[in-house]
Amino acid sequence: MEFRHLGRSGLMVSEISYGNWITHGSQVEEDAARECVRAALDEGITTFDTADVYAGTKAEEVLGRALKGARRESLEIFTKVYWPTGAGPNDRGLSRKHITESVHGSLRRLQTDYVDLYQAHRFDNETPLEETLKTFDDLVRQGKVLYVGVSEWNADQIAQALKIADEMGFDRLVSNQPQYSMLWRVIEAEVVPLSEKEGLSQIVWSPIAQGVLTGKYLPGQPPPAGSRATDPAGGGFISRMLNDDVLTRVQNLKPIAADLGLSMAQLAVAWVLQNPNVASAIIGATKPEQVRDNVKASGVKLDAEVLKKIDDVLGPVVERDPAKTVSPEKRP
Ligand SMILES: NC(=O)c1ccc[n+]([C@@H]2O[C@H](COP(=O)([O-])OP(=O)(O)OC[C@H]3O[C@@H](n4cnc5c(N)ncnc54)[C@H](OP(=O)(O)O)[C@@H]3O)[C@@H](O)[C@H]2O)c1
């Protein structure tokens, strides 16, 4: 496993990290969750990503139990706040009240005294940005959070936050967590150039497009049994990518992966890691074999000719519009 700096900070993260959205506390039983975390640790993954909202807060509990016994100093534990964790109007968003209450819940469920990275899961249009950033800064001073970042913020939102942090002397954002894969490249035009200039990294989610880039979803065929597309929680999220044009083009990536001696999942994870602004690719897994397959992408170099072949195969199905990075207008 290779390691990269998180933004312009001193923190190192494993360039492949393990995330538990859809899986822990939901799609997979606790045994499978534990085996996946064990495989991740055995393969050298040290960075783990979760969120308060995953599986209605159960995902953090499962991860906390699965990581029990691992040396805390050898782990980087990331979580997030914003999406609803209860029915009340203050159980959501980035207010001082919700952030403070949510981080306490996360620490309890994760069975840790601090999280390494705390991320604003979306931009909250209903809370002054100063309030959110001051609260994040307070958590850093209290030692409950070591670094702060955001997720799915656009370049303007990140720039606003950096300006306020610099003016007020708050801790600066070190990272953004966007969706990024061969199929979804919306950060490349604006978020990445700003982040490179300002010292933020991307920690990217769904690098294999939730399984689509493994090539296991075949055009014109029902999804394979047990896959995310058949899961009640996951099926809605992946369905957008399950159209025959995308799936046919993905099948045409198979010879490129085979020529390189890579599995399709490895090719997909290696592809996002070619971008030097990416600190880590967060992989999901329902089975330990998937973790063991995907981690082999660490350290793989893809040359310009390979990247060009991939672009030629995928053609117009690649999404590049920076306007696709959106947070809800009103809190959910
Ligand atoms: N910040 C955000 O808003 C946000 C949003 C989404 C995700 N995330 C983070 O990103 C993490 C990863 O997202 P993701 O799970 O969508 O990532 P992903 O790695 O693109 O997809 C993971 C899924 O693909 C399938 N898969 C993985 N490896 C495979 C292999 N080798 N062969 C066949 N199938 C394979 C598995 O699903 P099946 O076995 O069920 O098919 C697995 O659960 C999340 O856990 C979370 O931490 C963040």
- Item | When residues of region 271-330 are limited to those that are of a type in the set (S, T, N, Q) and over 16 Å from residue 186 (Cβ atoms), the one modelled with the lowest pLDDT | 286
- If you scan region 75-98, which residues turn out to be within 16 Å of the ligand (Cβ to nearest atom) and either of a type outside the set (D, E, K, R) or under 16 Å from residue 139 (Cβ atoms) (or both)? 75, 77, 78, 79, 80, 81, 82, 83, 84, 85, 93, 94
- Odd one out for residue 195 among (1) without any contact (Cβ under 8 Å) to a residue 60 or more places away in the chain; (2) away from the ligand (no atom under 14 Å from the Cβ); (3) open to solvent by less than 20 Å² (accessible area, probe 1.4 Å); (4) out of contact with any Phe, Trp or Tyr (no Cβ under 7 Å at 6 or more places or on another chain): (1)
- Tally, over region 198-208, of residues that are closer than 30 Å to residue 162 by Cβ and within 7 Å of the ligand (Cβ to nearest atom): 3
- Query: For residue 215, are the conditions met, namely being in contact with a helix residue (DSSP H, G or I) (Cβ under 8 Å, 6 or more places away or on another chain) and open to solvent by 10 Å² or more (accessible area, probe 1.4 Å)?
  - Reply: no
- Note on the structure: Restricting attention to region 43-64, the residues that are buried (at least 24 other Cβ atoms within 10 Å of the Cβ) and in contact with a His (Cβ under 9 Å, 6 or more places away or on another chain) number exactly 8
- Message: Take residue 226 and tell me if it is touching a residue at least 24 places away in the same chain (Cβ under 8 Å), in contact with a Ser or Thr (Cβ under 8 Å, 6 or more places away or on another chain), open to solvent by 10 Å² or more (accessible area, probe 1.4 Å) and closer than 19 Å to residue 180 by Cβ.
- Response: no
- Query: So which of 239, 201 ends up being hydroxyl-bearing (Ser, Thr, Tyr), in contact (Cβ under 8 Å) with a residue 60 or more places away in the chain and under 16 Å from residue 179 (Cβ atoms)?
  - Reply: 201
- Item | residue 317 surrounded by 14 or more Cβ atoms within 10 Å (Cβ to Cβ) and either of a type in the set (Lys, Arg) or over 14 Å from residue 207 (Cα atoms) (or both) | yes
- Reported set for region 2-33 where residues are within 16 Å of the ligand (Cβ to nearest atom), of a type in the set (A, V, I, L, M) and open to solvent by 10 Å² or more (accessible area, probe 1.4 Å) is 22, 28, 32
- Query: residue 108: assigned to a loop (DSSP other than H, G, I, E, B), open to solvent by 20 Å² or more (accessible area, probe 1.4 Å), at pLDDT 95 or above and of a type outside the set (Ser, Thr, Tyr), yes or no?
  - Reply: no
- Note on region 281-323: residues more than 16 Å from the ligand (Cβ to nearest atom), of a type in the set (Asp, Glu) and free of Cβ contacts under 8 Å to residues at least 60 places away in the same chain are 303, 305, 311, 312
- Test residue 219 against the stated conditions and say whether it is more than 23 Å from the chain's Cα centre (by Cα), more than 10 Å from the ligand (Cβ to nearest atom) and not in a helix (DSSP H, G or I). yes
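The values are calculated or read from the model by the stated rules, or taken from the named source; none is laboratory data. Please read these numbers as outputs of a predicted model, since none were measured by experiment. A quick note on method: Cβ atoms are made from the backbone with ideal geometry, for glycine too, and the neighbour counts reach across all protein chains shown. Ligands, DNA and RNA are stripped out before the accessible areas are found, and what is left, the full protein with its side chains, is counted by its heavy atoms. Shrake-Rupley method; radii C 1.70, N 1.55, O 1.52, S 1.80 Å.
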